[in-house]
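Where a number appears in this text, it was derived from the coordinates with a stated rule and is not lab data. Note that the coordinates shown come from a computational prediction; the quantities given were computed from them, not determined experimentally. Here Cβ is always computed from backbone atoms with ideal geometry, including for glycine, and neighbour counts include all displayed protein chains.
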């Protein structure tokens, strides 16, 4: 490390350059304009209550796999993370890999949705979206890609409706919700979720977002803003930063009853792994008989790798594959390395089973 030059003229020169950089950066902030997200053109296929089902406009020359792929995202964040910008889009990379991609946008629950249950989301909304896609393509089964909590939903759906799922891909998906390195799980164990939901009704997205940020408080609430000072004078880097900030703080409220069941049955009682889970009817992972590709991130602080790897040996399929990515929970969607490796691998895996 080079020693810091403490000569007065050197210090003044450093301060002057830093002041100019801040001035340029403030000008960039004032001129940044609208921060676009969800960049790939898409068409509304189906709407129901707050839910919208999109199909990303396919190019006939690129669609190699005739079985459509439905992306099921988590309820707790917005799904445009999978299509955040032109050169960092899991959706676009999947399309480039020949997939015909659909996506569920769960929307923003309000007080009218307080009593929605996991049965409503999985056996209701999700099942009807699958039926819509099957009817459009005149097929009986589709491929599903579930991400994070959406992967858990997709796993449950595949166990409840195996006749409608041809291939299942899970990405950063928890199965064991009580691994020793799961800090979020340790926090949640002592929460009186009944009191919280009975008091609040819907659970505010801001409260959940604050919880997630406090899992890595220095990195997520301090260090990244110090790092921003180094990129203020780069308009494109600044826009990339603000896109991520927009997504992080765009947190929908959670329907109270569905949130109550998810926390109690999955986190506090770990029923998906241990048994006893009921969503309309009993959920048995041995009913997941279709091929499964399980994708996880090695440095994931929200869904530790062991939480995903717990799927191994618990399913009814003999065609089970794991794909490990050397990155974190968000990097697996947006990093340059992920774009070059993860979606092409998913596409290849699906094509081999089409």
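Put simply, when 175-188, 283-296 are sorted by average Cβ atoms within 10 angstrom per residue, most first, you get 283-296, 175-188. On a full-extension model of 0.36 nm per residue, what is the gain between residue 47 and residue 207, subtracting their alpha-carbon distance, rounded to one decimal in nm? Length gained, residue 47 through residue 207: 54.8 nm. Within the range 42-351, DSSP assigns beta bridges of which about 35% are antiparallel (rounded to the nearest 5). Packing, taken as the mean count of other beta carbons within 10 Å per residue, orders the peptides 297-303, 252-258 from highest to lowest as 252-258, 297-303. Mean sequence separation of contacting Cα pairs (under 8 Å, at least six apart), scaled by the length of the chain, corresponds to a relative contact order of 22 percent. Restricting attention to the range 65-201, close to 5% of DSSP beta bridges with both partner residues there are antiparallel.
If you look at the Cα atoms of the chain, you get an Rg and a Dmax of 21.8, 76 Å. Using a Förster distance of 51 angstrom, determine the FRET efficiency expected from the C-beta separation of residue 187 and residue 138, and round it to 0.05. Working from the Cβ atoms, E equals 0.60.
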